[in-house]
Amino acid sequence: MWLALRRLRWARRVAASPLQACWREPLPGRRCDWRALSFLVCDAEMSSLDPRQGELLSLGWVTVAEGAVQLGTARHQLIASEHGVGQSATIHQIHDRELAAASPPAAAMAALLQAAAGKVLVLHHAPLDLAYLNRLSRQLYGASLLLPVVDTLALERAQRERRGSPLTPGALTLQACRAHYGLPDHGAHNALQDALATAELLLAQIARRSAGGRFTLGDLR
Amino acid sequence: MNRRPEDQPDALRPLVDLAPVADFLRRTLPFQDLPAAELEQVLAALRISYHVHGSTLLADAPEQGLRILRSGAVDLRDRDNTLLDRLGEGESFHLGGLNAGGDEVRAIVIEDALLYLLPDAAYQRLRQRNRPFDRYFSSQRSRRLRRAARYQPAPNTLLQDLRGCMSTDLLTVTPGDSLQTVARAMTARRVSSALVLEGDRLQGIVTDRDLRTRCVAEALPVSTSIAAVMTPAPETIDADSTLFDATLQMTRRGYHHLPVTEDGRLTGMITSSDLILARQDDPVYLVQHISRQDGAEGIRDLLAGLPQLVLQWHQAGMRAQQVGRILTAITDAVTVRLIQLAEAELGPAPAAWCWTAFGSQGRAEQLLGADQDNGMILADDARPEHAPWFAALAHKVCDGLDLCGYPYCQGEVMATTDSWRQPLAQWRETVRRWTDTPTPAAVMRVSIFFDLRAVYGDAGLCAALQDEMLHRASRNSIFLAALAANALDRRPPLGIFRRFVIERDGEHRDAADLKKRGVMPLTDIVRLHALAHCVTAVNTEERLQTLASERHLTIGDSRNLADALHCIQQQRLQQQCQQVLRGAEPDNFLNPRGLPTMAREQLRDAFTIIDQAQAALRLTYRAGLD
Amino acid sequence: MELKTLTYLVVGASFALYIGIAIWSRAGSTRDFYVAGGGVHPIANGMATAADWMSAASFISMAGMIAFMGYGGSVFLMGWTGGFVILALLLAPYLRKYGKFTVPEFIGDRFYSRTARVVAVICLIICSVTYVIGQMKGIGVAFSRFLEVDYGTGLLVGMCIVFFYAVLGGMKGITYTQIAQFCVLIMAYTIPAIFISLQLTANPIPQLGLGSTLTGSDTYLLDKLDLIVQDLGFHEYTTDFRLSGLNMFAYTASLMIGTAGLPHVIIRFFTVPKVRDARSSAGWALLFIAILYTTAPAVAGMARLNLMQTIEPTAGEYLVYEERPQWFRNWEKTGLLEFEDKNGDGRIQYNADPAVNEMVTIDNDIMVLANPEIAQLPNWVIALVAAGGLAAALSTAAGLLLAIASAISHDLLKGMIRPNISERSELRASRLAMAAAIIGAGYLGFNPPGFAAGTVALAFGLAASSIFPALMMGIFSSRVSKEGAVAGMVAGIGVTLCYVFQHMGIMFIPSTAFLGDMSPNWFLGIEPNAFGAVGALVNFAVALLVSRFTAPPPASVRELVEHIRVPAGASAAQDH
């Protein structure tokens, strides 16, 4: 509801942009069962943990629809950087050389928006990734993304707190969360692989919490 | 406005972008040899779903296709709720296909499972296009068997490796630290031990007890450096070892702390309290008690309950190969104890020597009712006058083993036989003679002898002998051909048209000998491959793994053989357990008619695999003749 | 009982016997683990070796060759017997000491080169396939006669039976099956010979009968034969020399040394664990082989005499075609015997002069099978001969085909082309290879390059030119290098193949022979069947020459070569 209103407010600003096309799809309903929803599970790699300094290096996403990850929808977009990769290259296994073949930020963003239309965006540790995405969106279209978002990390934290289990540092990393659900090691660290890992985590979280019954978008937030 | 079609400037490159999934598929059997182009299509069509424990997948669900288990486990049950199969990671099933006969097969998730679904359309298309892939699914044989053998229920706690229970949060100090610093750190961390490291290297260990006995009791000043009181160069254990190994090592030596290393690097610590949980109804106690007995009679009494214990393990879901390992460890312990007792009586050995186990004990694949196969290798500096000492020891140990329920070997493969108790040089000569003149008798001895493992004493002697034997055997293909003839001599009990062949008369009428016609030919086959390629491992499964990783066998062949072995050994164990329950003497004869259909088919498949491996053996080592 | 029924019965019974033994030994309880001590007795092993050794060429064809070539046919006797001795004494002990089970393994290891191994494998395949062609011819003749169909159909039926026999695996190697086969074939060979010898000379031992006088007269059998054949313008039987002395020598040498290269026989020496047993079973095998080989000249001479007397009962008085005996009619159905009434008198003129001769086709290979019929022996003897011929052909063909299949699927496919092939695929490939070899050999067998024995002689010639020199140099020279060996083998088999093809047609298709198959075109008057000996010389020469100019073998190989020539006992003695 709130999102719809905010979108209305920015509607004029984003006219004729990919963001507008994305917004044109109706927002998923809160009472909708998760199997009827489409999720776009996304992960971003960036050159710094500080959104003001860093920039996006790559985006990876994959759709979850009809209760399953649709592997064919997976995309991995390297984003052309202005400043080179810098020191975090070792973490992200991205090198300037590879980035030469990357697409400009606008194209990557447009592709993401096209994939995200009508879907719920899912991220692990959403604030950071969203900050980057929103900043880019504002630069490009003058408005934030204003997409419905689910954060698997927040979901996990809430779940653990509800059960009163103590949280040790590092217990909520993607890998640790997955291990908690008996999901296999997901190995390498790139945006798409992390997105895929997050998508599997999302399925596991939903499966455990729904116990096979009805489970709505509202329950996810 | 029309939606734009989803063609992106950066299209999906499945093999690169989805590399982990692709790698996983490449490790699973039907996908392993798929050409890249087809693998890409599979990847693009896959759907991933997660199913919690207890959920059921039905054949009439809207989504159908081939399901591949990425993790977790699934039971397949039919209409009558009979368990058809248990599947684990990397295995696949197709409910539609299973239900072709109208059996209402369903899949029940027994461990939370991540499933990859290859939708029917893509699956059928692939089967049409790729013949090997299609053949994999149309050849029921390997599939059915693999399903039966691959899945293992939650591994017995004792056989877990140490990573799961060791503490990784270690307190490390440097050799220069003072007693007080260390004691404070230990108190602050509430741990009972600290590891002394210099750089990366483990220098020593210090425990509460050390502080008590070596410092406080001696009234050392608190400023003494810790290096003075630590236990230097402590024994460590590899993280790959099992809990069983760790417990054994600690109880034997009376340690309470064992640093754990991985590739020589310190990664954790395991303490006796870590092991307490794993201590119920386990063979460790048995082994421990064995090592405290003062005579063979005591050991015999301890072992009297062994069949019951095996029964318990079997009922608890322990697999045959694990039972085999543990039973072998117990035999080893008995042997070692008997040797120690004999040494205590006869005085120290006059020369270096090694007690070696052969046959199933050597391979660590013993089941109940095994007889003894052993020998002694003496160092070359053992003089003739030392011979009586070794002979006396051999007799004491072999008699003791017989008393403890390991009957004498009919073929006299025992340390008491002079020709099985020789100096290394003579052993070498024996090996040379055997390989140059492979008479059937020599070949039979050799096939027991080639599965050798040092149990006690100087393992270097055993290694030297094994080295000699591998060297001689691998380059003499006439000898290998004779071994192959021997391996081909015992056929699996399948007649023409794959009917079971059973003994027609005698004590075991209507039964098939699982050991002689199943395990032995299979072991022979694997041993022959191992010898031909200089593989030092002796355990059949390890041999198969090495053969596959060195590419002498394909992964598929190696797994088929391993699965066949598991399947037969499992039936054997089950049969023995039932005999124990009935109060009968365990043997190896099984009447296939008494088995449920599924188990009988699996057994048949296992024998078919042996039959096929024998045919391949004939091609490889006997130039296709006879 | 009618002959045809009886033949079916006897042949069927012999097959039932082989298959029964196979099933019995497969299904029967396996021997106890510690009990087996002795293994197979040397006599039994000798019989099995003899069954392996005596092929359709020996059984069906050799006597026929002698019958028509006269003494010239003795090259086969000398060559094959000598070859067996060379193999047993000169090669087998050393190869055994070297510890390599198959010839390609030895060559690959001794010449430290995969290429050498592959070349050896290919040479072996060529020789073996040629050998199988000879067997196919024999099988075709036997089947066409006893099914009373033409040769082509008989061959086709034979191919199917050979395929099932070889593929149904296990049946071949069981020593007892081979012993049974040996018994069947040796009985089938000697019993009719004894009968005929009794008939003609009243001497029950055919070997002696050949040198005796005919019953009721003072004329020696051979003299009588000489007289008759010379009457008809043929060469004198007893002094007929095969073309020239050099050719005879080359022919014999080629057969003799070619023996070494045939895979299925040499392996027999390695399947016996002890050297002593190997020696004594070779001795026994030689004895068993000699039974057949010494009977062959008698069978040949008597068969020729009987044939001549049937066609020309009294001098100058030829048989009336319409009154021809039943066997004549039966063999006419196979197309292997043809009569053309050139002068229209309704009588069968048989003459050396092709213009007058009315026996336009008379295939050498029918002689042994037709012999008991010509001599009007009881029907069961005739049936037994058919069973014997099939036993000889099957035992050898199956062994060869298994060896070919293994060479293709294991040495070539798995060893070279696709090392990662699974066992299942390897087995499937071996069956395919076997089927292909049977089809190939069968196809060439429709149009064989000669009589069964002649074709087999070609196979021996190819082996003589390629494998034998490599083995000899591998054992007796430490200097020959891999380049030398490979060049030698290629040159040897290449020269021989070229010579054979240019005279007998490429792949034995007669129309492609660019130089006629006639003596004026032959090199030094040596016929293609005998050229293997020349090929062997070329092989030796090329190998030694190339080795001179290439790096010597590594020291380890040289040591090994020196080592294997020390007798086995000596090294053991030095150790102590």
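Every number here is computed from the coordinates shown, using simple stated rules; none is lab data. All figures in this text were calculated on a predicted structure; none of them were measured in a lab. All Cβ positions, even for glycine, are placed from backbone atoms using ideal geometry, and neighbour counts span all protein chains on display.
Per-residue ellipticity at 222 nm from helix content only, as computed over chain B with -39500 (n - 2.57) for each DSSP H run of at least four residues, stands at -14500 deg cm²/dmol. Across chain B, Cα pairs under 8 Å and at least six residues apart give a relative contact order of 9 percent. What the Cβ-Cβ distance of B:A584 and B:D301 gives, at R0 = 35 Å and to the nearest 0.05, is a FRET efficiency of 0.95.
Residues whose amide H lies under 5 Å from that of B:V173, counting only those 5 or more places away or on a different chain, are B:L195, B:V196, B:L197; hydrogens are built 1.01 Å from N in the peptide plane. Take each residue of peptide B:468-479, count the partner chain Cβ atoms within 10 Å of its Cβ, and average: the result is 3. Relative contact order, whole percent, for region B:296-461 stands at 32, derived from Cα pairs under 8 Å and 6 or more residues apart.
Mind checking C:416-425 for the average number of partner chain beta-carbons within 10 Å of each residue's beta-carbon? Don't jump to the answer; show the numbers that get you there.
On the way: counts 0, 0, 0, 3, 6, 2, 11, 16, 13, 6.
Rounded to a whole number, the mean comes out at 6.
Within the protein assembly as shown, antiparallel bridges make up roughly 85 percent of the DSSP beta bridges whose residues both belong there. Scanning chain A for GluC sites (Glu not before Pro) in DSSP loops with at most 16 neighbouring Cβ atoms within 10 Å leaves A:83-221 as the longest stretch between them.
The base-10 log of I(q)/I(0) for the protein assembly as shown, evaluated at q = 0.04, 0.05, 0.07 Å⁻¹, reads -0.37, -0.55, -0.95 [Debye formula, identical scatterers on Cα atoms, solvent excluded]. Remark: mean inter-chain Cβ contacts per residue of B:38-51 equal 5, using a 10 Å Cβ-Cβ cutoff to other protein chain atoms.
Across region B:172-186, rounded Karplus estimates of 3J(HN,Hα) from the backbone phi angles (6.51 cos²θ - 1.76 cosθ + 1.60, θ = phi - 60°) give 10, 10, 9, x, x, 4, 7, 3, 5, 4, 5, 4, 5, 4, 5 Hz, Gly and Pro being marked x. The calculated FRET efficiency for the pair A:L5 and B:T261, based on their C-beta separation and a Förster distance of 51 Å, comes to about 0.25.
Peptides C:156-162, C:393-399 ranked from most to least packed give C:393-399, C:156-162, packing being the mean of other C-beta atoms within 10 angstrom over each peptide's residues. Label-to-label distance for A:A179 and C:A290 is 8.2 nm, based on points extended 7 Å past Cα in the beta-carbon direction.
Phi-derived couplings, Karplus 6.51 cos²θ - 1.76 cosθ + 1.60 at θ = phi - 60°, listed residue by residue for region B:579-592: 5, 4, 4, 6, x, 8, 6, x, 9, 10, 9, 10, 8, x Hz, with x used for Gly and Pro. Roughly speaking, what is the centre-to-centre gap between region C:241-289 and region A:200-221 when only Cα atoms are used, to the nearest Å? Value for the Cα centre distance between the two parts: 81 Å.
For the pair C:T115 and A:S48, label points projected 7 Å from Cα toward Cβ lie 6.4 nm apart. Between the amide H of B:Y456 and those of B:W355, distances stay under 5 Å, these residues lying 5 or more places away or on another chain, with hydrogens modeled in the peptide plane. Computed from phi, the 3J(HN,Hα) profile of region B:289-297 under the Karplus parametrisation 6.51, -1.76, 1.60 (θ = phi - 60°) reads 5, 4, 6, 10, 6, 9, x, 4, 4 Hz, with x in place of Gly and Pro.
A straight line joining the Cα centroids of region C:118-135 and region C:200-223 runs 42 Å.
Remark: relative contact order (region B:14-138) = 32 percent; criterion is Cα-Cα distance under 8 angstrom and separation of 6 or more residues. Report the calculated FRET efficiency for C:E562 and B:D381 (r = Cβ-Cβ distance, R0 = 51 Å), to the nearest 0.05. The value I calculate is 0.95. Between amide H atoms placed 1.01 Å from N, distances below 5 Å from A:V122 occur with A:L40, A:V41, A:C42, A:V150, all of them 5 or more places distant or on a separate chain. Peptides C:120-131, B:575-586, C:376-387 ordered by packing proxy, namely the average of other Cβ atoms within 10 Å per residue, highest first: C:120-131, C:376-387, B:575-586.
Among C:474-482, C:43-51, B:466-474, how do they line up from the highest to the lowest mean number of other beta-carbon atoms within 10 Å?
Final packing ranking: C:43-51, C:474-482, B:466-474.
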